[in-house]
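Asks: Mind having a look at this structure? Questions to follow.
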Amino acid sequence: MMREGAPKTIFRKDYTEPDFLISHVELAFEIADGNTRVTSALRIQRNGSHERPLVLDGEGLGLISVSVDGGTLDEGAFKYVGGKLTIDAVPNEFEFGAVVDIQPETNTSLEGLYRSRTMYCTQCEAEGYRKITFGLDRPDVLSTYTVTLSADKGSCPVLLSNGNEVSRTDLADGRHQVVWHDPHPKPSYLFAIVAGDLELVSDTFTTQSGKVVDLRIWVEAKDTGYCDHAMDSLKASMRWDEERYGLEYDLDLFNIVAVDDFNMGAMENKSLNIFNTSCVLAHPDITTDLGYQRVESVVAHEYFHNYSGNRVTCRDWFQLSLKEGFTVFRDAEFSADMNSRGVKRIEDVSFLQTHQFAEDSGPMAHPVRPDSFIEISNFYTMTVYEKGAEVVRMLNTLLGDDAFYAGAKLYFDRFDGMAVTCDDFVDAMQEASGKDLSQFRRWYEQAGTPVVSIEKAFDETSGRLDLTFTQANPPTPGQDDKPPLHIPLTLALMENGQHADMGNGASARVMELKESTQTFSFEGFSSEPVISALRGFSAPVRLKMEQSQDDLIALMGADNDPFVKWDASQRLAYAAIDRGAKGLERDYADALKQVLSSDIEDAMKAQLLSLPTEASLADRAAQTGLVNVHDIHDAKTNVASAVGHALSNELEAIVMSSLAVTDTYQPSAEQIGRRSLLHTALSLLVESDPEWLITARNMYYAATNLSDRLCAARLVVHQGDDVHRAEVLEHFFDRWQSENLVVNQWFVMQATRPSADCVSEVTELTHHAAFDWRNPNKVRSLISAFAGANPTAFHALDGGGYRLLGDAVRRLQSDNPQIAARMLAPMTRWRRYDHGQAVMRGELESIAALEGLSQDVYEVVNRSLSDS
């Protein structure tokens, strides 16, 4: 569908260099309650020989004056319309000046400069800078910045910007002023300021060359006790980047600011990272084990951006994965080194398979490097981030560590201080390794999840195994026929529980698949080997291969690759779920018992014991037909109950021994693994026998950390009776209502209760005093959790879940278009369900018909309805 006056589509093929460059930016902010005046002075140079006019970006600015080389222009000398300021005739080099007024207090989009509780802060990526002042708001224009901030010293004692502090001065009328200078050229999306009433938590880090860097975390006064983990994570990531990539921090100061109202997780503004509070604050009372790991990962991610994103940035927004995919890979490797590498890999793969694979098969499918967009904010996606990271990981696999890190060094050295492309990154890898990567580049061009099929033929007489690999990438919007990709598939073969020699004494081999069909032969076997394929999840593909239950049990029990072990356990669980009323296979139950009695780490036991998520079951069902989420929920619940019964003695032993432990809480890999196994075991026992809810309820009241407390509360709320559910919810809120991050979990707990009447409860909760439509964390915790993580209730047969989401999007789409557009994801794949299609489509059409529909929401709705 396309309506009159539809937003313009931007195409990668139409990229042109900027007509002008800005070498230096001087900004002065006069912050006052109700209005902020911004005065700018830009040193501009014409880029090349041409006579085109100067066109600057600027949206919603209260224009006071415009000047060129100090001379104020009258209104006839420029045009300011449609978010663009145009001056027809300018010198080749000149200083542009402007004075504008903005109102951060009424900025609900949380882009540009806005007010959040006790502070003013900015979010400029991707195109928020233009809501602050005029500029060339595109990533390939890099400038140095000098920023002067003035504000009331009582309400805004802290004034921060990028770079290093130059001076601070007290002014008249109780105001003060601080000047900052950033010597490193950066695009406008990395500009940032913060002004507010904040407290400081500080430390230092000594780099490998001996330079002392001041580390500062700024938070509201009530949160100063929650910063130790983030600070430790920051220092660990700085050391890791020096050791792994040889990259040393390049300034004297590194600031992190925690903000409660934030659309994203965090933002890597040069030397002034701005974080969602959920990604920086951590304490056993307010943070789960996964929350601790997320803080560690996100702190590292934003720090790593100092080079992979800031020092080397992207030429245009189509190249977004250049910085995000590479940095997600870097932070995943860091987290793997800090915790359990195998479990970290499983968690990442599970997330990718459940969510990104679904994105790749839906109407919003796009390549890692998109070809077009209407609103770039819609492409901060799992494809760009997570699949982009997998593309970088495949390069590491194909090249080996030495060549990969040589390629990374060449990339950072060659392009330091530049805005470049994904091709430049691959060029550096190709040059450093000498390997032809021309076919590999198709990973950046093709949308969709490739399917790799393996057919085996074993000759008992000769002991020869032939494996035929076939690859195909299904059609996606705008891409029907796709040439073969260059796929690294890591393979091992097991005979009698031992791994065979795959050449040069190695137990595994990277098979490079480059043709639609390829056959490889392996000899010297006395019996048919068990195939261990896609080890380490060496490529983001769907693997199709027939394997017997005995083979899967052998892989789960004896293989040494964590992903393959976990994948075998999931496939055994899928088979159990498919069997339905036929009951649980005894061999499967016995295999799980063997896992629990083995000496592998507890976190790995929990992974092998866990059943597939309902989202992954839905994605699997969608490959062969329409999805019935209610049948999926019932089938999984039945298998969980059966596993709980079959393993009751073993699970009870785990629960009882874990509850007897009285260690002081630590977010260590060992303790996290123990708690994960406890939670998994108790959940299975509750499914098999509701009497175990008594243990869960007791665990809730006795818990000394949020991980245990939340697991127990969730079991009571989701599966207990009305009386105990209400009792726990009331107690939980009364105890923790002053902690926003814990209240968010309280909302999630209720929004994800798998019952049809959850729709009305979520609607009621939108009127709760603790809920705030203006706060993205609250909206995500209630509305997005309900729509995205509670398929049973969201797909209620009366369509109430769809209407709830539609109403939320209609309410938010003008105030916060980014959040509204992202909330829509569960409804964009409406065609894959066996019920509710008409209601979902009707909600999308109703949203599409809104007057003044934001570009963000328009693009998502339009693609959802036009998908064929």
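The values are calculated or read from the model by the stated rules, or taken from the named source; none is laboratory data. What you see is a predicted model, and the numbers here were worked out from it, not measured in a lab. For neighbour counting, all protein chains shown are included, and Cβ atoms are generated from backbone atoms with ideal geometry for every residue, glycine included. Just so you know, the surface numbers come from the protein's heavy atoms only, side chains and all, with ligands and any DNA or RNA stripped out. Shrake-Rupley method; radii C 1.70, N 1.55, O 1.52, S 1.80 Å.
Asks: Principal axis extents for region 657-756, Cα atoms only, whole Å, descending order, please.
Replies: For region 657-756, the Cα extents along the three principal axes come out at 37, 35, 20 Å.
Asks: Measure nothing fancy, just the Cα-based angle from helix 562-579's long axis to the longest principal axis of the chain, in degrees from 0 to 90, nearest 10.
Replies: Approximately 70 degrees, to the nearest 10.
Asks: For the chain, find the longest principal axis of its Cα atoms and tell me its angle to the long axis of helix 692-702, 0 to 90°, nearest 10.
Replies: The two axes meet at around 40 degrees.
Asks: A follow-up question, please. Output wanted: per-residue J couplings in Hz (rounded whole) for region 163-179, from phi through Karplus 6.51 cos²θ - 1.76 cosθ + 1.60, θ = phi - 60°, x for Gly and Pro.
Replies: Rounded to whole hertz, the list is x, 10, 6, 9, 7, 9, 9, 7, 10, 6, 6, x, 9, 8, 9, 10, 10.
Asks: For residue 737 and residue 8, what is the calculated FRET efficiency with R₀ set at 45 Å and r taken between the beta-carbons, to the nearest 0.05?
Replies: So, using R0 = 45 Å, E works out to roughly 0.45.
Asks: Also, quick follow-up: With a sphere of radius 9 Å drawn around the Cβ of residue 352, what net charge do the other residues whose Cβ falls strictly inside it have (Lys, Arg +1; Asp, Glu -1)?
Replies: -2
Asks: Rolling a 1.4 angstrom probe over the protein chains, ignoring ligands and nucleic acids, what is the accessible area of residue 227 in square angstrom, nearest 10?
Replies: 0 Å²
Asks: Tell me, what is the per residue accessible area of region 1-141 in Å², probe radius 1.4 Å?
Replies: I get 47 Å² per residue for this part.
Asks: Of all accessible surface on the chain at a 1.4 Å probe, what whole percent is carbon and sulfur?
Replies: Taking all protein chains in place, the chain shows 47 percent carbon and sulfur surface.
Asks: Counting just the Cα atoms, what span does region 437-499 cover along each of its three principal axes? Round to the nearest Å and put the largest first.
Replies: Principal-axis extents of the Cα atoms in region 437-499, largest first: 48, 20, 20 Å.
Asks: Still on this model: In nanometres, what is the gap between the two model label sites at residue 197 and residue 661, each 7 Å from Cα along Cα-to-Cβ?
Replies: Computed distance between label sites residue 197 and residue 661 equals 4.3 nm.
Asks: Sticking with this one: So if each residue of separation counts as 0.36 nm, and I subtract the Cα-Cα distance between residue 431 and residue 416, what length gain in nm does that give?
Replies: Length difference between fully extended and current span is 3.7 nm.
Asks: Residue 89 to residue 33: FRET efficiency via 1/(1 + (r/R0)^6), r the Cβ-Cβ distance, R0 56 Å, to the nearest 0.05?
Replies: 0.90
Asks: Let me know the Rg and Dmax you get for region 433-569 when you use only its Cα atoms, in Å.
Replies: 15.8, 49
Asks: Follow-up. Projecting each Cα onto the charge dipole of region 171-299 (Lys/Arg +1, Asp/Glu -1 at the beta carbon, about the Cα centre), which of 229, 263, 295 comes out farthest on the positive side?
Replies: With unit charges placed on the Cβ atoms, the residue in question is 263.
Asks: Counting only the heavy atoms of the protein chains, how much of residue 304 is accessible to a 1.4 Å probe, in Å² to the nearest 10?
Replies: Accessible area of residue 304: about 0 Å².
Asks: Let me ask another. Ordered by packing density, taken as the mean number of other Cβ atoms within 10 Å over each peptide's residues, highest first, how do 401-410, 453-462 rank?
Replies: Packing order, densest peptide first, comes out as 401-410, 453-462.
Asks: Also: Among the listed pairs 79/131; 13/514; 131/778; 270/323, which have their C-alpha atoms separated by more than 22 angstrom in this model?
Replies: Over 22 Å Cα-Cα: 13/514; 131/778.
Asks: Averaged over every viewing direction, what's the projected area of the C-alpha convex hull for the chain? Give it in nm², one decimal, please.
Replies: If I average the Cα hull's projected area over directions, I get 36.9 nm².
Asks: With a sphere of radius 10 Å drawn around the Cβ of residue 38, what net charge do the other residues whose Cβ falls strictly inside it have (Lys, Arg +1; Asp, Glu -1)?
Replies: After counting each charged neighbour, the total is -1.
Asks: Long-range amide H contacts for residue 627: which residues qualify at under 5 Å (H placed 1.01 Å from N, peptide plane, sequence gap of 5 or more or a different chain)?
Replies: Under 5 Å from the amide H of residue 627 lie the amide H atoms of 833, 834, each far enough along the sequence or on another chain.
Asks: Ok, one more. Counting only residues 5 or more places away or on other chains, whose amide H sits under 5 Å from the amide H of residue 559 once H atoms are built in the peptide plane?
Replies: none
Asks: Put a dot 7 Å past each Cα toward the Cβ at residue 239 and residue 560; how far apart are the dots in nm?
Replies: 2.9 nm
Asks: Hey, if you put +1 on the Cβ of every Lys and Arg and -1 on every Asp and Glu Cβ in the chain, which of 833, 766, 404 ends up farthest toward the positive end of that dipole?
Replies: After comparing all options, I get 833.
Asks: Quick check: residue separation of residue 248 and residue 628 times 0.36 nm, minus the Cα distance between them. What number comes out in nm?
Replies: 131.6 nm
Asks: Given N residues in region 373-482, what is Rg(Cα) / (2.2 N^0.38 Å)?
Replies: Ratio of Rg to 2.2 N^0.38 Å for region 373-482: 1.38.
Asks: What net charge is computed for the residues neighbouring residue 67, neighbours being all others with C-beta under 14 Å from the C-beta of residue 67, Lys and Arg scored +1, Asp and Glu -1?
Replies: Within the 14 Å Cβ shell, the charges total -4.
Asks: Which value in nm describes the separation of the simple spin-label points at residue 64 and residue 721, placed 7 Å from the Cα toward the beta carbon?
Replies: With each label placed 7 Å out from Cα toward Cβ, I get 6.8 nm.
Asks: For the Cα atoms of the chain, what angle does the longest principal axis make with the long axis of helix 320-338, in degrees from 0 to 90, nearest 10?
Replies: Long axis of 320-338 versus the principal axis of the chain: about 50 degrees.
Asks: For a quick check of understanding: with a 1.4 angstrom probe and all protein chains in place, what accessible area in square angstrom does residue 725 have, to the nearest ten?
Replies: So the heavy atoms of residue 725 present about 30 Å² to solvent.
Asks: Next up: How would you rank 561-568, 244-251, highest first, on the average number of other Cβ atoms within 10 Å across their residues?
Replies: Those peptides, ordered most packed to least, come out 561-568, 244-251.
Asks: If you take the square roots of the eigenvalues of the alpha-carbon gyration tensor of region 307-460 and sort them as a ≥ b ≥ c, do you get rounded (a/c under 1.5), prolate (a/b over b/c) or oblate?
Replies: rounded
Asks: What percent of all Cα-Cα pairs in region 1-148 falls into each 10 Å bin, going from 0 up to the bin containing the maximum distance?
Replies: Percent of Cα pairs in each bin: 10, 39, 34, 15, 2.
Asks: If each residue of separation counts as 0.36 nm, what is the full-extension length gain between residue 798 and residue 224 once their alpha-carbon separation is subtracted?
Replies: 201.9 nm
Asks: Cα gyration tensor of region 178-325, axes a ≥ b ≥ c as square roots of the eigenvalues: rounded (a/c below 1.5), prolate (a/b > b/c) or oblate?
Replies: Taking the square roots of the gyration eigenvalues as a ≥ b ≥ c, region 178-325 is rounded.
Asks: In cubic angstrom, how much convex hull volume per residue do the alpha carbon atoms of region 724-836 span?
Replies: 92 Å³
Asks: Within 10 Å of each candidate Cβ there may be at most 12 other Cβ atoms; applying that plus a DSSP loop requirement, which GluC sites (Glu not before Pro) in region 651-756 survive?
Replies: 691
Asks: Follow-up. Per-residue counts of other Cβ atoms within 10 Å, averaged by peptide: what ranking do you get for 473-482, 782-791, highest first?
Replies: 782-791, 473-482
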